[in-house]
Amino acid sequence: MEPIISHWLPIVLSAVAVFIISSVIHMVFTYHNSDFSKLPSEAEVMDDLRKANLPPGNYMMPYASTNKERQTQEYIDKMNKGPVAFIRVFPTGQFKMGGTLFQWFVYCIVAGVFAAYIAGHSLPSDASYLQVLRIAGASAFAGYTLALWQNAI
């Protein structure tokens, strides 16, 4: 077992590779364009939400703060009447990609650190590159993909 800091070069190189490859994939293939749909009455909904003056954050509607409140007939009626939604409100204005891309790169570094940690603690120091690739690759794959599935459940 080697200290995690001794794996700094593969961690940084893998983060750079993931950052570049994912950027190219998202710009060329644009498969995330179908992740969301346009609201049929987008302008009216935006006008109504603008009147509410919502600060950036995550919201749910209808909202109940406790399980007891979720059992009330009023809440049940709201759920049945709809709409039911999770809403993320961003700051007004154009997205600033610089900060988002920096956060994505930091995430890539963190995923690489965990992949190196798992591989370093589960493999002997004389492991073949295929063993290292299998363990580190599976760990990194889990770190990049499994967290997203909960948004679809």
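The values are calculated or read from the model by the stated rules, or taken from the named source; none is laboratory data. Small disclaimer: the values here were computed from a predicted structure and weren't measured. Note: ideal-geometry Cβ built from the backbone for every residue, glycine included; neighbour counts use all protein chains shown. All accessible areas refer to the heavy atoms of the entire protein, side chains included, with ligands and DNA or RNA removed. Shrake-Rupley method; radii C 1.70, N 1.55, O 1.52, S 1.80 Å.
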Checking VAL16, VAL24, VAL45 against a Gaussian network model of the chain (alpha-carbon springs below 10 Å), the top fluctuating residue turns out to be VAL45
The base-10 log of I(q)/I(0) that the Debye equation returns for the range 1-81 at q = 0.17, 0.23 Å⁻¹, one scatterer per C-alpha, is -0.92, -1.14
The range 53-113: radius of gyration over Cα atoms, expressed as a fraction of 2.2 N^0.38 Å = 1.70
Could you order peptides 115-128, 26-39, 56-69 by the average number of other Cβ atoms within 10 Å of their residues, highest first?
-> 115-128, 56-69, 26-39
What are the extents of the Cα atoms of the range 83-123 along their three principal axes, listed from largest to smallest and rounded to whole Å?
-> 49, 30, 7
Give me Rg over Rh for the range 37-147, both radii from the alpha carbons and Rh done the Kirkwood way, two decimal places.
-> 1.19
Taking a probe of 1.4 Å, how large is the accessible area per residue of the chain, in Å²?
-> 82
